[in-house]
Amino acid sequence: MTALQPRCVQAPGFETVPVPLAERAYDILVGRGLLDSAGPRIAALGAGAAAIVSDEVVAALYAERLAGGLRANGMRTATIEVPAGEASKSYEALARVCDGILAARIERSDLVVALGGGVVGDLAGFAAAIVRRGVRLVQVPTTLLAQVDSSVGGKTGINSRHGKNLVGAFHQPSLVIADTALLDTLPERERRAGYAEVVKYGLIDDRSFFEWCETNWRAILAGGPERDHAVAQSCRAKAAVVLRDEREDGDRALLNLGHTFAHALERATAYDSRRLVHGEAVAAGLALAFRFSVKLGLCPGQHAGRVAAHLDATGLPTRLQQVPGGCGTADELLDAMRQDKKVKDGALTFILARGIGQSFIARAVAPDAVRAFLTEELAA
């Protein structure tokens, strides 16, 4: 995030995407200008206090605006800040946030409010899941990636030296407020990175949405109604999958299209956002998943080419050679993949594709095939 102050844009309306998970049902609100009306919406959940968890950059922009709205609606607030960046998804940062929530005397009937991108959402959500054995959570995502993916569905967690997101819990939010005006202050790199997760939904099972993205990607990145539609449609797509498979016992694994490769690349770059941010890793992972599908004889080559061409056009990486500083050897990447959450009985699981909009879960993929593919990609 930059230190620019956002334009305060109030839209006359917004879109509500329901997530009807029985007693854990909640709404995702999508639209411009929602931050300044977040106070009464969050207060309506009936809590007396809220701990706002944010990173130092986002907090400087938005924390007091949010806290002021909560206080104006009778809520006591505290703000807990962590350093910006993937390194905050750590045991140390988790302890800091948990201690901050307890020091603020947040009770189980109160709220933890995650104000930030995917790192803050995952970290604050995990803290909310474990403090007092569960405190209610509100997600206020401030990046495109968080608005379309990580704030929805209840996955929370931190990284381990063994891999990404390996320590965590499922903890559904009580409300998600996605103010798309907040994306205006994002650096272009962060908007592009978030766009990779938007494209992913089309590639999983909605070819028409992918084709719409091909036509409208510039407007999505620039802002306006196309951006709002992309965020709402992505949330609808994710919510539909979560309703079928809340705890990733089946279809929800499809949401990890490209992520087995992506998480290995993030580990190879030591989670250094100066080299690679999550959305960039996902973009490369999507292209690799389609090319691997071609290599296995599952997918037409022109589909993989079309995916890579679109991601290239948006300025996202699609090749291992585009990872700054390199990404290690084929064996090192394969070793990282063995720690992937989808591994079962030691066997590798990938999300592969028979074409655009035709992804599927491929279990027990031969490690030799993966190693050979990675070796070719590194030499390409």
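The values are calculated or read from the model by the stated rules, or taken from the named source; none is laboratory data. All figures in this text were calculated on a predicted structure; none of them were measured in a lab. Here the Cβ positions follow ideal geometry from the backbone for every residue, glycine too, while neighbour counts run over all protein chains shown.
Observations on the structure shown:
- Residue within the range 159-174 that is surrounded by 24 or more Cβ atoms within 10 Å (Cβ to Cβ) and among the hydrophobic types (A, V, I, L, M, F, W, C) present: no
- In the set (1) within 25 Å of E248 (Cα to Cα); (2) outside any helix (DSSP H, G or I); (3) of a type outside the set (D, E, K, R), V120 fails one condition alone, (2).
- Tally of residues being of a type in the set (S, T, N, Q) and crowded, with 21+ Cβ neighbours inside 10 Å across the range 35-76: 1
- Where L316 falls short, out of the listed (1) modelled with pLDDT of 95 or more; (2) of a type in the set (A, V, I, L, M); (3) part of a strand (DSSP E or B): (3)
- The single residue among L352, L378 that is within 21 Å of A308 (Cβ to Cβ) and in a strand (DSSP E or B) turns out to be L352.
- Of the strands (runs of 3 or more DSSP E) lying entirely inside the range 4-93, those carrying at least 1 residues that are farther than 15 Å from A178 by Cα and in contact (Cβ under 8 Å) with a residue 40 or more places away in the chain are 49-55, 76-82.
- Test for Y195: is it aromatic (F, W, Y) and farther than 17 Å from I28 by Cβ: yes
- Total residues in the range 314-359, condition crowded, with 20+ Cβ neighbours inside 10 Å and either without any contact (Cβ under 8 Å) to a residue 12 or more places away in the chain or within 15 Å of V277 (Cα to Cα) (or both): 5
- Tabulated pairs, the range 282-303, first without any contact (Cβ under 8 Å) to a residue 12 or more places away in the chain, second buried (at least 24 other Cβ atoms within 10 Å of the Cβ), C-beta under 7 angstrom, 6+ apart or interchain: V294/A304
- Within the range 272-325, the residues that satisfy the criterion of being among the small types (G, A, S) and within 20 Å of N165 (Cβ to Cβ) are S273, G279, A281, A283, A284, G285, A289.
- Where a residue in the range 184-200 is in contact (Cβ under 8 Å) with a residue 60 or more places away in the chain and its partner, wherever it lies, is assigned to a helix (DSSP H, G or I) and small (G, A, S), with Cβ under 6 Å and at least six apart: A193/G279; G194/G279; A196/G279; A196/A283
- For the range 198-221, a residue qualifies if it is closer than 12 Å to Q233 by Cβ and in contact with an Asp or Glu (Cβ under 6 Å, 6 or more places away or on another chain), and the qualifying residues are N216, I220.
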